1. Considering the Cα positions of the chain, please state its Rg to one decimal place and its Dmax as a whole number of Å.
2. What dipole magnitude, in Debye to the nearest 20, does the chain give about its Cα centre under +1 on Lys/Arg Cβ and -1 on Asp/Glu Cβ?
3. Over segment 365-452, one equal point on each Cα, no solvent: what is log10 I(q)/I(0) by the Debye formula at q = 0.18, 0.19 Å⁻¹?
4. Toward the positive end of the charge dipole of the chain, about the Cα centre and with charges on Cβ (Lys, Arg +1; Asp, Glu -1), which of 330, 296, 35 goes farthest?
5. At q = 0.15, 0.20, 0.24 Å⁻¹, what is the log10 ratio I(q)/I(0) for segment 131-229, with the Debye formula run over Cα points and no solvent?
6. How big is the antiparallel share of DSSP beta bridges in the chain, given as a percent to the nearest 5?
7. Only Lys, Arg, Asp and Glu count, each charged at its Cβ (+1, +1, -1, -1), so figure out the dipole size of segment 59-178 about its Cα centre, rounded to 20 debye.
8. For the chain, what is the mean residue ellipticity at 222 nm derived from helices alone (per DSSP H run of n ≥ 4: -39500 (n - 2.57); sum divided by total residues; nearest 500 deg cm²/dmol)?
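Readers should treat all values here as calculations from the given coordinates under stated rules, not as data from a laboratory. Keep in mind that this is a model prediction, so the values were computed, not measured. Cβ coordinates were reconstructed from backbone atoms using ideal geometry, including for glycine residues, and neighbour counts include every protein chain displayed.
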Amino acid sequence: MIRQGEKVYGRESFTAKAIGILPSYNVYQKTYSLLQQSQRWSREELAAYQMQALSRLLDHAYENVPYYRRVFRDQGLVPGDVQTPGDLNRLPFLTRDDLQKNLPDLKARNYPESAFEYVTTGGSTGIPVGFYYERGASRAREWAFMKTQWDRVGYRFTDRCVVLRGYVVGSQKTGTYWKRALLGRWLIMSSHHMTEETMPAYIDRIRRFKPRFIQGYPSTAAILARYMEEHDIEPFPMVKAVLCGSENLYPWQRDLIREAFGCRVFSWYGNSEQTVLAGECEESTRYHVFPEYGIVELIGRDGRPVEGPGAMGEVIATNLTNFVCPLIRYRTMDLAISAEGPCTCGRNYPLFERVEGRVQDFIVTGKGDLLSGITMNIDTKAFDNVKQFQFYQEKPGEVVLNIVRKRTFSERDAEHLYREVSRSCGDDVIIVLRYVDDIPLTARGKYRYFVQNLPVHFSEREVVTVEHVSSDVSA
C-alpha cells in the first residue's frame, strides 16, 4: 500500500518527467528523494553524509583530475590527510583565474568527452569564467535542489508561474512580449521591453494568466512592483509567493515586492558554478545552506575562518556532486553574514543571516574600507521622482550616482537625493549626481544597481589599487 506522502511525491515526479524540464529524470528523482529525508536529519547525520561525500570527491580528484593531483603533491598531502571538512584549509583556494588557466587539467580523465557540457558565468564580477557541468546530470540535480527549496512555499510543477528572468521575447512590431512554455504552465515574459508604455499590457496578461507564483530577478520584479505601487494597481489575487534569485535581494526590494504583490517573497542564493546553494524557509528569511550540495567556509579579510554569528566573510565553497570538473575551495567572491542556528523550521543546516553580495558590489571609501550597498537606505522619498538609478565608481572615495529622471524631477529632488545618499555612504565618500537618458540591462537581462570599476579584493593581503580597469556598464 502506498502511503499518502509517497503518493504525492509520485504524482510530482510523474509531472516533472512529463513536462520535460529534467535532462535526466532518474538523477532528479534520486536527488529529490534524498533531500526529502536529509532535510530532517540530525547535525551528526548531515556531518557524516557530508564527510563521506567529501572523501569520495577527494579520492576521485586525486586519481583522475591532473590539476588536483598536482595540488596534493605540491602540498605534500594525500586525500586521507583530510579527515574533517576543517582540514580542507590545508589545500589552497581555487580562484577564478586558476579556473581559467587550468580548465583543461580540471577535467576528470575517467569521463568520456560526451559527458562534458561547457558553461560560462555572466561575468558580473568582470571575469567571465568557463567550466563544465556533467551533461544530463548537473542540471537535473540542480532542479531537485531548487524544487526542494520551492516546496517550502508550496510550489508544484503543475502550478502556473510567470517568469521574469532576463529573457528577450517578442518585439515592438508584434506588441507581444511573452510566450508560454512547459505545456502552458509557465508564462515567460521579456524583461527587455518593460516600459511605461508596455507595462499595462504586462499587468493585464499576468492577471488573465492567473499565476500561483512569479519567478524572477529581484530587479525585474521590483520594476513591475514599483509600477503597480505608483499606479495604485491591486495585487494579483492568486499569487502565493514571488521567487527571487540570481541577484542580490536588497531589503528595500523585498519590502516593495511584498507590498505590491501582497504575498511572501522567497529568496535563494547560488552561483552558476554550482558550488553553493542556500535559500529561505517557511519561517525565516535567513539562508539555509544545503550541506548535501557542498561544503561552505566563510573566510575573513585575514584569510582565516570567521567566528560566531554576525561575522562577515567571503564564501569559499566545495561542490560535492560535480565529478567531471571538481571545484574545491572555490573563491566565489561573494560575501555573507553568518547566523546562529538551528532554525525553528527544524532543519539542521548552516545559516547565513544574509548575503551581502559580490565583492564588486561594494563601494570603496576614501580610507579603503568596503561599504555594502545592502545597508544603504534607497527606499526613501528621495527616489520618488527617479525612474532608474545606478551607482558607479572608478575612484576610491568617490561615487557617481547615475539618474534617469522622471518628468516631475526638480532641483529640490536633487538636493534631497544628494543628502540622503551622502548620509548613507558616510563622510568618507563623495557623491556626484549625473543625469543620463537610460541605464541598460546586462546581456543576461539583469539590472545592476552597483557598477564597480575598481579591482576590489576582500582579503587584507590583497591591495585595492587605483589603476583604471575597463568595464562595460551594461555587462
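1. 22.9, 73
2. Dipole about the Cα centre, nearest 20: 1940 debye.
3. Scattering profile of segment 365-452, log10 relative to I(0): -0.80, -0.89.
4. 35
5. Taking Cα atoms of segment 131-229 as identical point scatterers yields -0.68, -1.07, -1.33.
6. Percent antiparallel among DSSP bridges in the chain is about 65.
7. Here segment 59-178 has a charge dipole of around 520 debye.
8. Value at 222 nm, helices only, nearest 500: -9000 deg cm²/dmol.
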